[in-house]
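Please read the structure below before turning to the comments.
Readers should treat all values here as calculations from the given coordinates under stated rules, not as data from a laboratory. Treat the numbers as computed from the prediction; the structure is a model and nothing was measured. Cβ placement follows ideal geometry from the backbone for every residue including glycine, while neighbour counts extend to all protein chains displayed.
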Amino acid sequence: MAYTRRAIADGRIALFKGVWSALDYVKRARADCEKAIELDSINNAAYYVLGRTHAKVSEKPRIVRWPLGLGWASLEDATTNYEKAISLRPDFIMYRLDAARAYIELDEYEKAKEHLSVISLLPTQDEDDDQFRRETKELLESLKQK
């Protein structure tokens, strides 16, 4: 769990500073998540943080990321890690919302809708869940045409 906690901290620092100005934090977050998963294959938080790391880094084109040592990130790997986190903790809203966002970026609207439609049925477990539910409604509304 210590690796997971450090990955979370590094990820937050990277988001605060900007992923591109905090490359070492991003790389260490990835390595820590992978080590946490190696040590505990049912660590849902590590899978989620690794998925989020892939998703955030993938926001820039690979050709821009490659020289910085970030060519490894992909939305496909993000969704794989999100799905693993969801399989281990299916009732956690944030996991499903971020998975849906990644699927939308991949134009996989049905998979996104599947996750979004479940969120209204899930219990509140986090202080941000009400905000996540509002975002879910907005995303579902925007997907009606797709």
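For the reader, a short list of remarks on this structure follows.
- Only Lys, Arg, Asp and Glu carry charge here, each on its Cβ (+1 for the first two, -1 for the last two); on that basis the stretch 79-146 has a dipole of about 220 debye about its Cα centre.
- Evaluating 6.51 cos²θ - 1.76 cosθ + 1.60 at θ = phi - 60° for every residue in the stretch 60-66, the Karplus couplings come out as 9, x, 4, 5, 7, 6, 3 Hz, glycine and proline recorded as x.
- Nitroxide proxy distance, nm - points 7 Å out along Cα→Cβ at Val118 and Arg12: 2.7
- Within the chain, helix-based [θ] at 222 nm, where runs of 4 or more DSSP H residues each add -39,500 (n - 2.57), nearest 500: -22500 deg cm²/dmol
- Measuring r between the beta carbons of Gln125 and Ala31 and using R0 = 22 Å, the FRET efficiency lands at 0.20.
- Percent of C-alpha pairs per 5 Å bin, the stretch 90-146, short to long: 4, 23, 35, 23, 11, 4, 0
- Quarter of the Cα convex hull surface for the chain, i.e. its orientation-mean projected area (nm²): 8.6
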